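The values are calculated or read from the model by the stated rules, or taken from the named source; none is laboratory data. Since the structure is predicted, the reported quantities are computational estimates derived from the model, not experimental observations. Here the Cβ positions follow ideal geometry from the backbone for every residue, glycine too, while neighbour counts run over all protein chains shown. These area figures cover heavy atoms from the full protein model, side chains too; ligands, DNA and RNA do not enter into them. Shrake-Rupley method; radii C 1.70, N 1.55, O 1.52, S 1.80 Å.
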Amino acid sequence: MRKSQLIIILALLAVLFAVSLLGARGSEGAYGGVPWYGWAGGALLIAASGIAWVLHDAARVRRVLAKPPNATREEVSEQAHLSEELRAKYDPQGPRYPHPVIITERCIGCHACVEACPHDVLAVVDGFATPIAREQCVEDTSCQVECPVSPKACIVVNTTKAIPKRKVPARDARFETNVAGCYIVGDVSGTPLIKNAANEGADVIRHVIEDLGQSPAEPNAQLDLVIIGAGPAGLSAAVLAAQAGLRYVAIEQDRLLATIEAYPANKYVYFKPETMQSRGGIDVPGAGAQREALLETWTRTIFERGVKVNERESCKSVRRAEDGDYFTIETEAGVAKEPRKYIARRVVLALGNRGTPMKLGVRGEDLRVVIDGRAEPKVQYRLADPEAYKRRRIVVVGAGNSAIEAAVDLVARRDGDQITFRPDEETNEVALVIRSDMKNDLKFNNKMQIYDCIDSGKINVHFGTAIKEVRAGEVVLMNARTKEETATIKNDLVFALIGGERPTEFLKSIGIKIG
C-alpha cells in the first residue's frame, strides 16, 4: 500500500470519527451519531477507493512492463541483431526463447562470453565459442556485452533487453588514452588475446617513438618511458624499447610472465585469431603452444635481448605534470615495499585485467612454510597445478568459480561434466571456507561437482566462516559475522581465491575515462 493511499483512508476514518463525536446524542438506530446506512456507505466508499487504487496501479504496471526497456544512446549503440542471412546460417532452427548465437567467422576464441555466462550455456569447442545448453539461457546478455570483437561474434537473439555498453578504457587508434602521453595495451584494453597483446606491445612502442620525435625535449624527465606490467603486452613493449635504445623502466607487481605461469600445467595456449600475423617483440607463432614451451621461449628472448624487468614492484600512482610534458610514477618494490619514484616522458599501461589478488588481511598471512624441501608462502592466491599437491591438508577460501574449481581439482580429476575422485594415496584433505553462501554466478557444472564432493565426504565445507589466523601447522576459523572463534584445524597450505581488485579505480585515478 502506498503512503498516499494510507493517508486517504486514515482521513476518511478521521471524518467518520469526528461525525461520531459531534453526533454523540444520536437518535435511536444510530451508532455514534451516524445511522447504520451511513456506516455502511462509508465502509463501501473506503473499499471502493482501495479497489480503484489497486486497479489503477495494476494498469500502470502493465503499461510499464509492456514497454521495451528504455535504452540510452550508448546502450543502443551496443544492440546487435542477426540478419536473416546469418540467422539462416548459424541458427536455422533455433528456439523462440532468448539464447546466444555465435558467428564463428568473427569469433576469436577468447573465452570472454564463456566466462561471462553464469549458467554454462557456452563453451569453447575446437577454438570457438559454442552454445552447448541453450535451454539453460536466462537472458543474462552478459555474454554479448563481454564479446570484445566488433561487430559482435556473440549475439543474444529473441531478446528485448537493452545491451549495456562494454566498460573499457578510452583509447584511440594509436593506443593513447584521453590522458595525453599515457598509452594502454593488452588485456586491460578489453581484448584478452595473447597474440593481440604482443602485437599491441610492439606497435605502441613505435607510436611512442614517433610521439617523442615530434615533441620538444623535456629537461625534467629522467626516462623516456615507464612500462607498467610485464605480461605478453608489457614484455613485447620492453623488447622493442630495448632494441630502440629508449631510456625505459619496466615493472611487474608479480613475477615475470605471471599471467602465463598462472595457467594450469601443460595447458595448450591458443594464439587467436589465427589469421592475425605476429609482429610483436616476443614470438607468438602458429596456432598455439604449450604453456611450458611458451615460458621457455619467452624467457630465452628476455635473456638474449638484454631486457630488464623489475619484478615484485607495484605501481601506486601515475600523475601527469602540470609544469611540463612528463609523468611522475610512484612505486613500491619488494617485500619491504621500498618507495621509488620515476620521472618519465611517456607511460605504457600493460596491466592485464586480472587485477591484484585480494588478501585475507589476517595475522600470519605472510608466513612461509617448507613444502617438498622448498620454502613457499603458506597463503597462495592461485592454483597453477593441482597435480603438484598430494596428501596435503589444504584450506580453500572463496565461493566463486575459481575457488570451487580449485577445491574440486584437489580431490578429483575433471572430464567435462564428470569427475573422478583421486585414489587415496593422491587425494588431499580439503576444507572449503565460505564467508556466506555460494556465489550467484557460480556455474551450474561447478555447483554440481562441488556438491558431489561434499556429499561424498571429500570436501568439508564451512559456511558463514572466515579465517581468523594462519599458523605454521594450523588455521583458526571464526564466525564471519560475529568474529567469534569457532575451530582450529590442522593445515599445510591455504589458497585464498577470493577475487582480484580490477584496475578500474587505478585507471580512473590517472584520469582515464572508462566506458
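Search the stretch 388-400 for residues being in contact (Cβ under 8 Å) with a residue 60 or more places away in the chain and over 14 Å from Val494 (Cα atoms), and hand back the single one that is most open to solvent (accessible area, probe 1.4 Å).
Pass one, the stretch 388-400, residues in contact (Cβ under 8 Å) with a residue 60 or more places away in the chain: 388-389, 392-398, 400.
Going one step further and asking which of them are over 14 Å from Val494 (Cα atoms), we end up with 388, 400.
Details: Ala388: 52, Gly400: 16 Å².
The qualifying residue most open to solvent (accessible area, probe 1.4 Å) is Ala388.
Would you confirm whether or not the stretch 413-423 contains a residue that is open to solvent by 30 Å² or more (accessible area, probe 1.4 Å), of a type in the set (Gly, Ala, Ser), out of contact with any strand residue (DSSP E or B) (no Cβ under 7 Å at 6 or more places or on another chain) and at pLDDT below 95? Step through it out loud before you land on a result.
Taking the stretch 413-423 and keeping what is open to solvent by 30 Å² or more (accessible area, probe 1.4 Å), we get 413-421, 423.
Retained after the next criterion (residues that are of a type in the set (Gly, Ala, Ser)): 416.
From what's left, out of contact with any strand residue (DSSP E or B) (no Cβ under 7 Å at 6 or more places or on another chain): 416.
Narrowing further to those that are at pLDDT below 95: 416.
Yes: one or more hits.
Please work out if Val101 is within 21 Å of the chain's Cα centre (by Cα), of a type outside the set (Lys, Arg), farther than 26 Å from Lys267 by Cβ and in a strand (DSSP E or B). Spell out how you get there, then give the answer.
On the way: within 21 Å of the chain's Cα centre (by Cα): no; of a type outside the set (Lys, Arg): yes; farther than 26 Å from Lys267 by Cβ: yes; in a strand (DSSP E or B): yes.
Against the criterion (within 21 Å of the chain's Cα centre (by Cα), of a type outside the set (Lys, Arg), farther than 26 Å from Lys267 by Cβ and in a strand (DSSP E or B)), Val101 does not qualify.
If Met448 satisfies all but one of (1) without any contact (Cβ under 8 Å) to a residue 40 or more places away in the chain; (2) under 19 Å from Glu485 (Cβ atoms); (3) open to solvent by 40 Å² or more (accessible area, probe 1.4 Å), what's the number of the condition it fails?
(2)
Looking only at strands (runs of 3 or more DSSP E) that fall completely inside the stretch 214-310, which ones have 1 or more residues that are open to solvent by 20 Å² or more (accessible area, probe 1.4 Å) and touching a residue at least 60 places away in the same chain (Cβ under 8 Å)? Walk me through it before giving the result.
Numbers: elements: 223-228, 248-252, 268-270, 288-290.
Those strands (runs of 3 or more DSSP E) span 223-228, 248-252, 268-270.
So Glu210 clears everything in (1) within 21 Å of Phe327 (Cβ to Cβ); (2) in contact (Cβ under 8 Å) with a residue 24 or more places away in the chain; (3) open to solvent by 40 Å² or more (accessible area, probe 1.4 Å); (4) not hydroxyl-bearing (Ser, Thr, Tyr) except one condition, right? Which one?
With (1) within 21 Å of Phe327 (Cβ to Cβ); (2) in contact (Cβ under 8 Å) with a residue 24 or more places away in the chain; (3) open to solvent by 40 Å² or more (accessible area, probe 1.4 Å); (4) not hydroxyl-bearing (Ser, Thr, Tyr) applied to Glu210, the lone miss is (2).
State whether the residues of the stretch 320-341 include one that is among the hydrophobic types (A, V, I, L, M, F, W, C) and touching a Pro at 6+ places or on another chain (Cβ under 9 Å). Give the steps one after another, and end with the answer.
We begin by selecting, within the stretch 320-341, every residue among the hydrophobic types (A, V, I, L, M, F, W, C); these are 321, 327, 329, 333, 335-336.
Among the residues that remain, those that are also touching a Pro at 6+ places or on another chain (Cβ under 9 Å) are: 333.
Looking through the stretch 320-341, at least one residue is among the hydrophobic types (A, V, I, L, M, F, W, C) and touching a Pro at 6+ places or on another chain (Cβ under 9 Å).
Somewhere in the stretch 370-386, is a residue open to solvent by 20 Å² or more (accessible area, probe 1.4 Å), at pLDDT 95 or above and either among the β-branched types (Val, Ile, Thr) or not in a strand (DSSP E or B) (or both)?
No.
If I ask for residues that are assigned to a loop (DSSP other than H, G, I, E, B), of a type in the set (Val, Ile, Thr) and surrounded by 14 or more Cβ atoms within 10 Å (Cβ to Cβ), which ones from the stretch 463-482 would you list? I'd like the intermediate steps shown before the answer.
Step one: list which residues in the stretch 463-482 are assigned to a loop (DSSP other than H, G, I, E, B), which gives 463-464, 471-473, 480-482.
Subset that is of a type in the set (Val, Ile, Thr): 482.
Across the stretch 463-482, there are no qualifying residues.
Go through the stretch 116-149 and count every residue that is within 17 Å of Leu193 (Cα to Cα), buried (at least 17 other Cβ atoms within 10 Å of the Cβ) and of a type in the set (D, E, K, R).
So the count comes out to 1.
Which condition from (1) open to solvent by 50 Å² or more (accessible area, probe 1.4 Å); (2) in contact with a helix residue (DSSP H, G or I) (Cβ under 9 Å, 6 or more places away or on another chain); (3) in contact (Cβ under 8 Å) with a residue 40 or more places away in the chain; (4) part of a strand (DSSP E or B) is the one that Asn460 breaks?
Asn460 satisfies every listed condition except (3).
In the set Glu210, Glu135, Glu200, which member is over 25 Å from Ile251 (Cα atoms), charged (D, E, K, R) and part of a helix (DSSP H, G or I)? Don't jump to the end; show me each part of the working.
Working: Glu210 fails: over 25 Å from Ile251 (Cα atoms); Glu200 fails: over 25 Å from Ile251 (Cα atoms).
It is Glu135.
Being part of a loop (DSSP other than H, G, I, E, B), of a type in the set (A, V, I, L, M) and within 22 Å of Pro503 (Cα to Cα) is the filter here; which residues of the stretch 161-197 pass it? Write out each step before concluding.
The first filter runs over the stretch 161-197 and keeps only residues part of a loop (DSSP other than H, G, I, E, B), leaving 161-168, 170-175, 177-181, 185-186, 190-193.
Retained after the next criterion (residues that are of a type in the set (A, V, I, L, M)): 162-163, 168, 170, 173, 179-180, 185, 193.
Listed by number, the residues that qualify are Val168, Ala170, Ala173, Val179, Ala180, Val185, Leu193.
Which condition number does Val318 fail, the rest of (1) in a loop (DSSP other than H, G, I, E, B); (2) touching a residue at least 60 places away in the same chain (Cβ under 8 Å) being met?
(1)
Quick check on my filter: what residues within the stretch 481-493 are under 26 Å from the mean Cα position of the chain (by Cα) and either within 21 Å of Asp366 (Cα to Cα) or polar (S, T, N, Q) (or both)? I'd like the intermediate steps shown before the answer.
Looking only at the stretch 481-493, we keep the residues that are under 26 Å from the mean Cα position of the chain (by Cα), and these are 481, 493.
Hit for the stretch 481-493 is Leu493, nothing else.
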